[in-house]
1. Among the numbered criteria (1) over 32 Å from the mean Cα position of the chain (by Cα); (2) surrounded by 10 or more Cβ atoms within 10 Å (Cβ to Cβ); (3) modelled with pLDDT under 75, which single criterion is violated by Glu44?
2. Taking the criterion of being more than 30 Å from Thr316 (Cα to Cα), of a type in the set (S, T, N, Q) and either at pLDDT 95 or above or assigned to a helix (DSSP H, G or I) (or both), would at least one residue in segment 159-169 satisfy it?
3. Given the structure, is Ile265 in a strand (DSSP E or B), under 33 Å from the mean Cα position of the chain (by Cα) and not assigned by TED's automatic domain parsing to the domain that holds Leu185?
4. Can you find, within segment 203-227, the residue that is surrounded by the fewest Cβ atoms within 10 Å (Cβ to Cβ) among those that are of a type in the set (A, V, I, L, M, F, W, C) and in a helix (DSSP H, G or I)?
5. What is the residue count in segment 300-327 for residues that are among the β-branched types (Val, Ile, Thr) and modelled with pLDDT under 85?
6. Given the residues Gly283, Gly234, which is the only one that is modelled with pLDDT under 90, part of a strand (DSSP E or B) and in the same structural domain as Thr180 (by TED's automatic domain parsing)?
Amino acid sequence: MKKLLTIASVLTLLTLFSAQVFAATNSASDINKTIRGRLQRTVEPGGWVIVDHGQKFLLINAQRFQSESWFKEGADVEANGEPREVMTTYMEGTPFEAESLKPVTAQGGNQVTGGDRNRTRVIVSGDSLVQAQPDTAILTVSVVTQAKNALDAQQQNAARTEAVVRTLKAAAGAGSEVKTSGYSLQPQRIYRENQPPTISGYEARNTVTVTIGDLTKVGPIIDAAAQSGANDIGGVAFTLRKDRPARDEALGQATREAMSKAQVIAQALGGKVVRILEVQEEGTVRPRPMYEAEMARGMIAQKVSTPIEIGSLEITGRVQLVVEVEN
């Protein structure tokens with residue numbers, strides 16, 4: 001009987017102790033607390049902490065105050081609220097739910113941000129346009145044949161295309177690329193009202209693409225292709241094979257323009273740019289091929305040299321900066 005009473009007493013003591021610990025834990029988290037410190041971003045995207053004498057308090061309801069003009073990194077604030085027992089991804093600081101949050105004011109009621117200095121965050125963008133001379137030409141030529149039956153159209157096309165390819169390789173020279181980029185053999189149909197379509201013949205098309213680095217050869221290659229049997233010139237495109245230098249130049253110019261805008265805004269506010277908070281490259285547009293107009297079949301049959309005028313390519317860049325201006 002004595003042993004049973006002893007066990008019951010122990011169980012009672014353990015129950016009372018657990019209840020006291022649970023009550024103490026809950027009461028600690030429910031006590032309102034006022035903290036003063038500086039707003040800082042967290043390693044977790046979109047997160048904010050208040051740093052108070054080296055101790056971090058994670059604002060779990062920061063979005064409630066982010067629309068305020070004074071809510072920015074480095075601002076000195078005072079928060080009143082309660083610590084919360086919640087789990088976050090990185091657990092950076094003690095989770096804290098603020099019932100109120102306001103900027104700390106100095107004597108006389110002036111707002112103090114980032115120490116004793118008033119700073120403003122400014123977002124600016126810069127655009128640039130760089131012109132570059134193309135170094136590569138891409139020509140598209142086709143051999144088109146028609147016949148009553150598919151086999152004749154195909155064989156006629158094969159013979160003429162073989163002659164065109166030989167001519168193109170000889171005219172383009174070493175370092176060029178000549179390759180087939182398309183082939184089709186399709187029936188030609190006649191459509192009559194209230195009647196099913198009938199096949200009148202077949203058309204074979206073999207398209208060859210020539211890529212060259214010597215732009216002076218563009219006109220002679222077109223002439224040679226037409227004389228050897230090509231009867232459809234799809235056009236000529238000029239582009240940059242290595243466009244990185246031009247893209248870097250466009251990016252640099254865009255960055256300098258954005259920084260110049262930031263400095264103008266800072267001077268207008270009576271201050272200066274003290275630091276760059278964020279840089280975003282909004283992208284550079286690669287130079288798109290510049291096309292010559294499609295050439296009519298009647299023109300390529302004439303025995304005159306084809307004139308080709310090569311223009312410039314345009315590469316654009318855009319950068320966005322987030323800077324801090326001290327007034």
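The values are calculated or read from the model by the stated rules, or taken from the named source; none is laboratory data. As the structure is a computational prediction, the values presented were derived from the model and not from experiment. With ideal geometry, Cβ positions are generated from the backbone for all residues, glycine too; neighbour counts draw on all protein chains shown.
1. (1)
2. Within segment 159-169 (the criterion being more than 30 Å from Thr316 (Cα to Cα), of a type in the set (S, T, N, Q) and either at pLDDT 95 or above or assigned to a helix (DSSP H, G or I) (or both)), the answer is yes, since at least one residue qualifies.
3. no
4. Looking at residues that are of a type in the set (A, V, I, L, M, F, W, C) and in a helix (DSSP H, G or I), I get Leu215.
5. Matching residues across segment 300-327 total 5.
6. Gly234
Matching residues to (1) over 25 Å from Val322 (Cβ atoms); (2) touching a strand residue (DSSP E or B) at 6+ places or on another chain (Cβ under 7 Å); (3) at pLDDT 75 or above:
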site	(1), (2), (3)
Leu5	yes, no, no
Ala8	yes, no, no
Glu78	yes, yes, yes
Pro83	yes, yes, yes
Gly93	no, yes, yes
Phe96	yes, yes, yes
Val104	no, yes, yes
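To keep it simple, each residue is scored yes or no on (1) within 44 Å of the chain's Cα centre (by Cα); (2) at pLDDT 95 or above; (3) surrounded by 13 or more Cβ atoms within 10 Å (Cβ to Cβ).
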| site | (1), (2), (3) |
| --- | --- |
| Ile138 | yes, no, yes |
| Val144 | yes, yes, yes |
| Ala171 | yes, no, yes |
| Thr180 | yes, no, no |
| Tyr183 | yes, yes, yes |
| Glu193 | no, no, no |
